[in-house]
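Just so it is clear, none of the values below were taken in a lab; they were calculated from the coordinates. In this text the structure is predicted, and so the values were computed from the model without any measurement. Cβ sites come from the backbone with ideal geometry, for glycine too, and all protein chains shown count toward neighbours.
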Amino acid sequence: MKGRVVKICTSFIDVPDKISVAVYFAGCTIRCKECQNPGLWDSKVGTEVSEEVVVKKIKKNSLAEYAVFMGGEPTDQLEFLISICEKVTFYKKAMYTGREFEDLPDRLTKSLDLIVCGPYREDFFVEGRWPASSNQRVFRKEGKVWICDCS
Ligand code: SF4
């Protein structure tokens with residue numbers, strides 16, 4: 001299966017206190033007013049790649065603990081995303097999405113360990129907070145149960 005990806009790079013900030021490999025998906029149909037990445041809205045940006053190529057690039061960073069899927073909106077390429085998640089069995093997996101947790105399909109969430117949900121909103125911005133706006137919720141999987149850090 002193929003999809004469009006803009007960038008794959010090492011990240012020290014997207015999963016706090018962890019080294020991760022960030023995969024930036026192309027395209028976002030949510031289009032929040034205060035999006036910080038509007039350059040990734042167009043689904044034709046980036047390059048078309050196979051899931052095998054993405055997985056291979058993620059695997060290159062042997063120091064990473066997480067693969068983190070972001071964008072753009074990763075769930076706009078749902079089948080491609082699920083297919084990558086199922087093959088990345090060597091790291092934990094995180095995702096940033098503008099959608100709410102309750103709207104995500106089980107066949108996606110079962111392959112993830114950490115999900116940051118909801119759009120970035122300037123009017124909910126809190127200095128020093130992760131994630132940056134207080135409407136965004138963080139879900140962590142403990143065993144098979146999802147726990148929300150809804151502070
Ligand atoms: S969901 Fe994310 S990428 Fe999409 S518009 Fe909102 S903030 Fe931007």
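Sparse packing (at most 13 other Cβ atoms within 10 Å of the Cβ) combined with a DSSP loop state is found for the following trypsin sites (Lys or Arg not before Pro) in region 97-151: Lys110, Arg129, Lys144. Positive end of the charge dipole of the chain (Lys, Arg +1 and Asp, Glu -1 on Cβ, about the Cα centre): tell me which of Met70, Ser134, Cys35 has its Cα farthest that way. Of Met70, Ser134, Cys35, it is Met70. Does region 8-48 classify as rounded, prolate or oblate by the C-alpha gyration tensor (a ≥ b ≥ c root eigenvalues; a/c under 1.5 gives rounded; else a/b over b/c gives prolate, otherwise oblate)? Oblate is the answer for region 8-48, as a/c is 1.5 or above yet b/c matches or exceeds a/b. In this structure, the pairs whose alpha-carbon distance is over 26 Å, taken from Lys18/Lys87; Lys2/Lys59; Lys60/Lys144, are Lys60/Lys144.
Of the chymotrypsin sites (Phe, Trp or Tyr not before Pro) found in region 65-138, those in coil by DSSP whose Cβ has at most 15 other Cβ atoms within 10 Å are Phe90. Once the chain from Gln36 to Lys110 is taken as fully extended at 0.36 nm per residue, the excess over their C-alpha distance is 23.8 nm. Under the criterion of Cα pairs below 8 Å and six or more residues apart, the relative contact order for the chain equals 20 percent.
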